[in-house]
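The values are calculated or read from the model by the stated rules, or taken from the named source; none is laboratory data. Note that the coordinates shown come from a computational prediction; the quantities given were computed from them, not determined experimentally. We place every Cβ from the backbone using ideal geometry, glycine too, and count neighbours over all the protein chains shown. Side chains are part of the model used for accessible areas, which takes the heavy atoms of the whole protein and leaves out ligands, DNA and RNA. Shrake-Rupley method; radii C 1.70, N 1.55, O 1.52, S 1.80 Å.
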Amino acid sequence: MRFRDRRQAGQALAEELRARQEKGALPDPVVLALPRGGVAVAREVAQALDAPLDVLVVRKIGAPFQEEFGVGAIAGDDDPLYDRRALGHLGLSEAALAPVVDRERAELRRREQRYRQGRPAPDLRGRTVIVVDDGLATGSTARAALRSVRRQDPARVVLAVPVSSPEAAELMRTEADDVICLHRPAAFMAVGLWYEDFEQLTDEDVLEALRRHRRVSH
């Protein structure tokens, strides 16, 4: 199964979630997208569920010598969440990663300010929070996101993604009350391989998606 683009993946995911909502499994939902890629997926979900849409900015902590190799992630003001096995394998300490964490936290705050534009973060207490991304490879950013959400006292935490590596999907079962994933290919490799169009989104794409959803929902 390959998705045409993030919008089509979001529509497919929305169908699955809408069916659950109709059975009463998703009361009082709020949808949080992991930007940038997750926003295009989450907008379709929020629209189908008639739910508020917002962003949860999470940043990957990359190894100093290879930024694409994630060894942890940060969300909000939470402490970094590290992959201890990866740190040990690479011989890295938390102290050595401090400059990387500082840089990523600065970028996280920049994006939060840009995307929220003065709006407060949503109150998640007592709500069903649906965290949406365009796919999971290692799951490090999703895990940081879910733990950040959990600290805000929601009634229920759901992770929803179109595609995931089997290992990441299984790992997330200990972090979320429910994990909804449409496709778990055994030969996973990378999220982008499961989309025909996986063009990188910009900050402006994220803002436009949020604006459109607010217009439709009001």
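Worth pointing out:
- Set side by side, the residues Leu90, Leu124 differ, and just one is touching a strand residue (DSSP E or B) at 6+ places or on another chain (Cβ under 9 Å), open to solvent by less than 60 Å² (accessible area, probe 1.4 Å) and at pLDDT below 95, which is Leu90.
- For segment 112-121, taking the residues that are charged (D, E, K, R) and under 16 Å from Arg36 (Cα atoms), the one that is least open to solvent (accessible area, probe 1.4 Å) is identified as Arg116.
- Residues (under 18 Å from Ala33 (Cβ atoms) and either small (Gly, Ala, Ser) or modelled with pLDDT under 95 (or both)) located in segment 169-190: Ala176
- Within segment 103-118, the set of residues being within 22 Å of Arg211 (Cα to Cα), basic (Lys, Arg) and either free of Cβ contacts under 8 Å to residues at least 24 places away in the same chain or touching a His at 6+ places or on another chain (Cβ under 7 Å) (or both) comprises Arg109, Arg110.
Here's the yes/no breakdown for (1) out of contact with any helix residue (DSSP H, G or I) (no Cβ under 8 Å at 6 or more places or on another chain); (2) open to solvent by less than 50 Å² (accessible area, probe 1.4 Å); (3) of a type in the set (A, V, I, L, M, F, W, C); (4) closer than 21 Å to Ala48 by Cβ:
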position: Arg147; (1), (2), (3), (4): yes, no, no, no
position: Pro154; (1), (2), (3), (4): yes, yes, no, yes
position: Leu159; (1), (2), (3), (4): no, yes, yes, yes
position: Pro162; (1), (2), (3), (4): no, yes, no, yes
position: Ala176; (1), (2), (3), (4): no, yes, yes, yes
position: Pro185; (1), (2), (3), (4): no, yes, no, no
position: Gly192; (1), (2), (3), (4): yes, yes, no, no
position: Tyr195; (1), (2), (3), (4): no, yes, no, yes
position: Glu204; (1), (2), (3), (4): yes, no, no, no
